Amino acid sequence: MISIKLNFGGFVPLSTVDWRGRSACTVFLRGCPVRCTYCQNSSILSGKDERDCEEIIEMIRGSLFAISGVIFSGGEPTAQKEALLFLARATKTMSLAVGVHTNGVYPGTLEALIKERLIDHVALDIKARWARYNNLLKGDYVKDVQKSLALCKEAHENGHLPEFEVVITLFRGYDDEVPIIAQEAGGVDIVLQQGVTEDVRPFSEAEMEKIADGLLRSVKIRTREGGEIVYEGDRSRRAASKR
Ligand code: SF4
């Protein structure tokens with residue numbers, strides 16, 4: 001049998017918060033070309049811990065009694081295309097759903113996963129409005145993220161990707177960008193995620209609801225304190241906007 005190697009970042013045997021409506025285990029793939037200052041997994045952005053994919057498959061098997069899906073996260077899981085495809089195929093043969101958390105800079109990996117119908121859920125981070133993207137990420141990433149967005153939207157509309165959401169992480173001082181990002185993303189499910197850094201006080205859930213009101217649509221709001229909620233918006237403001 002061909003042995004595929006993976007640069008391994010970690011494993012959580014059971015999570016009930018990473019995939020709404022499912023119990024899942026989470027496999028972290030080490031390495032990411034981007035360097036967000038707020039990264040919560042900065043210890044696995046670089047370095048090497050090479051494992052055989054069979055070892056990871058055994059870890060997933062160990063969680064089988066409690067899970068219905070596997071989340072591949074990171075680091076950036078789509079950076080390791082062959083290993084991720086191998087693990088997604090193995091996950092499917094265990095009759096488990098496959099979810100990927102991605103920054104979207106490797107659209108070729110998403111395309112391959114979608115083409116083989118190996119993927120059930122994508123959470124795509126969009127970090128800024130397009131005009132500010134490359135500057136913020138200090139690299140030429142915007143075209144690839146736009147391609148990933150287009151691929152996932154099309155696959156979701158065609159029924160080839162059952163769940164697709166765009167995740168916007170909110171930081172104080174940048175909240176006026178949220179409506180622009182949501183508009184540029186188009187008609188997709190939006191998750192507003194509380195950004196947490198050492199330097200700046202994070203938004204409270206109530207503050208995030210106010211920001212969500214500006215979008216005039218239902219969104220998910222994710223905070224450390226409250227977990228994930230579906231926020232339907234300020235109905236009176238919605239009604240007023242229709243008049
Ligand atoms: S893209 Fe994600 S994994 Fe990479 S540095 Fe940013 S937050 Fe961390």
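Taken together, the values in this text are just the output of simple stated rules run on the coordinates, not laboratory data. Note that the structure is predicted; figures quoted are calculated from it, not measured. As a convention, Cβ positions derive from the backbone with ideal geometry for all residues, glycine included, and neighbour counts pool all protein chains shown.
Filtered by the rule that a residue be under 21 Å from the mean Cα position of the chain (by Cα), within 16 Å of the ligand (Cβ to nearest atom) and either over 20 Å from HIS101 (Cα atoms) or surrounded by fewer than 17 Cβ atoms within 10 Å (Cβ to Cβ) (or both), segment 185-219 gives VAL196, THR197, PRO202.
Among residues of segment 31-59 that are within 24 Å of THR91 (Cβ to Cβ) and β-branched (Val, Ile, Thr), those with a Cβ under 8 angstrom from a residue that is in a helix (DSSP H, G or I) and more than 8 Å from the ligand (Cβ to nearest atom), sequence gap 6+ or separate chain, pair up as ILE56/LEU87; ILE57/LEU87; ILE57/ALA90. Filter segment 191-211 down to the residues that are part of a loop (DSSP other than H, G, I, E, B) and touching a residue at least 40 places away in the same chain (Cβ under 8 Å), then identify the one that is farthest from LEU124 (Cα to Cα). Filtering segment 191-211 for residues that are part of a loop (DSSP other than H, G, I, E, B) and touching a residue at least 40 places away in the same chain (Cβ under 8 Å), the one farthest from LEU124 (Cα to Cα) comes out as THR197. On the given criteria, is PHE65 under 22 Å from SER23 (Cβ atoms) and touching a helix residue (DSSP H, G or I) at 6+ places or on another chain (Cβ under 7 Å)? Answer is no for this residue. The requirement of being small (Gly, Ala, Ser), under 16 Å from the mean Cα position of the chain (by Cα) and surrounded by 19 or more Cβ atoms within 10 Å (Cβ to Cβ) is not satisfied by GLY9. Look at segment 162-184: where a residue is buried (at least 17 other Cβ atoms within 10 Å of the Cβ) and a partner is polar (S, T, N, Q), sitting 6+ places away or on another chain with Cβ atoms under 6 Å, you get VAL167/GLN193; THR169/GLN193. When the helices (runs of 4 or more DSSP H) confined to segment 115-188 are screened for residues that are over 25 Å from GLU205 (Cβ atoms) and touching a strand residue (DSSP E or B) at 6+ places or on another chain (Cβ under 9 Å), those reaching at least 1 such residues are found at 142-158.
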